[in-house]
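Take a look at the structure set out below.
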Amino acid sequence: MGRVASAQAIGTTIEWYDFFIYGTAAALVFNKVFFPEMTPLIGVMLAMVTYGVGFLARPVGAVLFGHFGDRVGRKIALIVTLLMMGLATTAIGLIPSYASIGVWAPLLLGFLRLVQGVAAGGEWGGAALIGIEHVDARRKTLFGSFAQVGSPLALLLATGVFLGLQQLPPEAFETWGWRVPFLFSAVLLPVGFFIRRRIHESPDFEAVSRDKQVSRVPVVELLAKHWRAVLIGTGSFAGVFATYYVFTSFVLAYATSTLGLSASVALPGNLIAAATEAVFIFIGVAAAVRYSARKVAVVGAVGLVVWAFPGFMLVHTKEAGLLYLAIIVSMAFVGITYGVLAAEVVQLFVARVRYTGASLSYHLAAVIGGGIMPSLSTWLADKTSSVWPVAAATAVIAVAMVLSCLLLPKQTPEGESAELVEVGEGRA
């Protein structure tokens with residue numbers, strides 16, 4: 001099982017590293033490289049719009065790779081997503097600037113971000129399933145968390161690389177330094193490919209295939225029979241994503257472009273966020289063993305609601321220490337909830353549509369929290385000259401998350417009966 005866990009954690013770390021470095025580059029430098037004719041704030045907003053394109057593409061990737069993951073196998077889908085993400089990320093590092101090729105530069109950037117988004121749409125569902133479907137009910141929450149921990153580890157790696165590059169002179173960083181993290185993906189890609197080639201196919205998928213129960217068109221069956229589970233899964237993740245991306249991507253851009261903090265102060269905030277989340281993912285898993293994953297998820301979601309306004313009060317003090325405290329508390333609640341949700345949401349769906357169902361739920365939530373919220377937050381802050389509307393929007397999404405987590409089954413059924421009977425789902 002160590003091979004499966006490493007394929008989950010290391011594979012997702014590599015793939016999310018590719019996805020996350022875009023957000024940091026968008027906040028720090030893309031406005032100058034690809035949108036130099038705009039004002040600084042509008043340039044940042046346009047850069048964040050391209051950032052959001054990747055999120056809008058993620059549900060498309062969820063359906064596409066969910067189709068193949070539910071029909072052909074989890075393993076092959078995971079390998080293809082890794083290759084797509086790595087190649088697109090490396091290509092971003094090679095795009096000429098706006099000064100060199102004009103409007104083609106941002107167009108190429110947007111296209112490659114779209115490819116990244118499609119690849120990301122297939123990543124999480126496969127990584128979560130390949131672990132959860134290999135173990136018994138007692139260990140599902142733990143193995144689900146191995147897919148989750150790749151996200152904060154990737155943020156640690158991505159931010160650490162950019163923090164090191166901040167030591168370059170500003171002109172060097174804007175000319176070539178920002179490209180280094182993207183080109184580094186070409187080094188990481190073979191590592192992830194080797195690890196994922198060595199894993200075995202999921203036993204649950206093999207059983208579905210052997211019994212000739214493979215769904216003909218998984219997304220059609222999913223939306224016809226299991227749409228309530230999709231809504232609950234989406235709502236359960238939405239508040240996590242909203243808080244996560246607002247307190248990393250938006251706060252980083254806002255602190256550097258509006259509050260006047262230097263990148264050397266703001267970037268460590270992402271390191272702190274990633275480290276805090278990684279630790280609290282496993283704290284949440286440990287608590288779930290004693291209190292149940294559902295109860296832990298509800299407590300974490302309530303914490304996100306309660307902390308939204310105090311967190312932004314600390315951000316707006318312009319004090320680095322208080323900014324870090326806001327991030328630490330936010331990411332503690334994010335980690336506690338995020339770590340236990342993988343197994344809970346995956347098990348809302350029967351195996352024949354599980355890849356599609358889990359992926360679509362996760363990435364619809366990512367569109368809300370990661371695709372829309374950073375751009376919306378920038379727009380709200382610009383129009384109102386205040387962060388309080390941003391705090392209110394974050395809290396509202398977290399309230400929806402609380403309600404969704406309350407609808408998760410109190411005791412998740414095992415195996416093929418792992419269906420959300422409480423909300424009237426039909427069985428495949």
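Name the helices (runs of 4 or more DSSP H) wholly within the range 55-161 that hold at least 1 residues that are closer than 22 Å to MET373 by Cα and within 14 Å of the chain's Cα centre (by Cα)?
Helices (runs of 4 or more DSSP H) meeting the threshold: 104-132.
Picking from LEU183, LEU267, LEU222, LEU261, which residue would you name as being surrounded by fewer than 18 Cβ atoms within 10 Å (Cβ to Cβ) and of a type outside the set (Asp, Glu)?
LEU183
Yes or no: ALA57 free of Cβ contacts under 8 Å to residues at least 60 places away in the same chain, in contact with a helix residue (DSSP H, G or I) (Cβ under 8 Å, 6 or more places away or on another chain) and either closer than 20 Å to ALA186 by Cα or surrounded by 19 or more Cβ atoms within 10 Å (Cβ to Cβ) (or both)?
no
Only one of ALA47, ALA27 is touching a Phe, Trp or Tyr at 6+ places or on another chain (Cβ under 7 Å) and either among the acidic types (Asp, Glu) or buried (at least 19 other Cβ atoms within 10 Å of the Cβ) (or both). Can you tell me which?
Only one candidate passes the filter, namely ALA47.
Suppose we keep only residues that are within 19 Å of GLU206 (Cβ to Cβ) and of a type in the set (Val, Ile, Thr) within the range 97-148. Which one would you say is surrounded by the fewest Cβ atoms within 10 Å (Cβ to Cβ)?
This residue is VAL135.
Testing GLY93 on (1) in contact with a Lys or Arg (Cβ under 9 Å, 6 or more places away or on another chain); (2) crowded, with 24+ Cβ neighbours inside 10 Å, one condition comes back false. Which one is that?
Only one criterion in (1) in contact with a Lys or Arg (Cβ under 9 Å, 6 or more places away or on another chain); (2) crowded, with 24+ Cβ neighbours inside 10 Å is unmet by GLY93, namely (2).
If I filter the range 290-310 for residues that are basic (Lys, Arg), part of a helix (DSSP H, G or I), surrounded by 16 or more Cβ atoms within 10 Å (Cβ to Cβ) and without any contact (Cβ under 8 Å) to a residue 40 or more places away in the chain, do I get at least one hit?
yes
Which condition does THR175 not pass, out of (1) surrounded by fewer than 24 Cβ atoms within 10 Å (Cβ to Cβ); (2) in contact with a Phe, Trp or Tyr (Cβ under 7 Å, 6 or more places away or on another chain); (3) in a helix (DSSP H, G or I), if it passes all the others?
Condition (2) is where THR175 drops out.
Here are some conditions: (1) more than 25 Å from GLY125 (Cα to Cα); (2) not in a helix (DSSP H, G or I). LEU348 meets all but one. Which one does it not meet?
Here LEU348 clears every test but (1).
With the condition kept exactly as written, say whether any residue in the range 287-308 is out of contact with any Gly (no Cβ under 7 Å at 6 or more places or on another chain), under 26 Å from VAL387 (Cα atoms) and among the aromatic types (Phe, Trp, Tyr).
Within the range 287-308 (the criterion being out of contact with any Gly (no Cβ under 7 Å at 6 or more places or on another chain), under 26 Å from VAL387 (Cα atoms) and among the aromatic types (Phe, Trp, Tyr)), the answer is yes, since at least one residue qualifies.
Yes or no, residue by residue, for (1) at pLDDT 95 or above; (2) out of contact with any helix residue (DSSP H, G or I) (no Cβ under 9 Å at 6 or more places or on another chain); (3) assigned to a helix (DSSP H, G or I); (4) not hydrophobic (A, V, I, L, M, F, W, C):
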{"residue": "LYS318", "(1), (2), (3), (4)": "no, no, no, yes"}
{"residue": "MET331", "(1), (2), (3), (4)": "yes, no, yes, no"}
{"residue": "GLY339", "(1), (2), (3), (4)": "no, no, yes, yes"}
{"residue": "GLU344", "(1), (2), (3), (4)": "no, no, yes, yes"}
{"residue": "ARG352", "(1), (2), (3), (4)": "no, no, yes, yes"}
{"residue": "TYR362", "(1), (2), (3), (4)": "yes, no, yes, yes"}
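Give ALA186, ALA119 a once-over and let me know the one that is farther than 18 Å from ALA62 by Cα and in contact with a Leu (Cβ under 9 Å, 6 or more places away or on another chain).
From the options ALA186, ALA119, the qualifying one is ALA186.
The values are calculated or read from the model by the stated rules, or taken from the named source; none is laboratory data. All values reported here derive from a predicted model rather than from experimental measurement. FYI the Cβ positions are ideal-geometry reconstructions off the backbone, even for glycines, and counts take in every protein chain you see.
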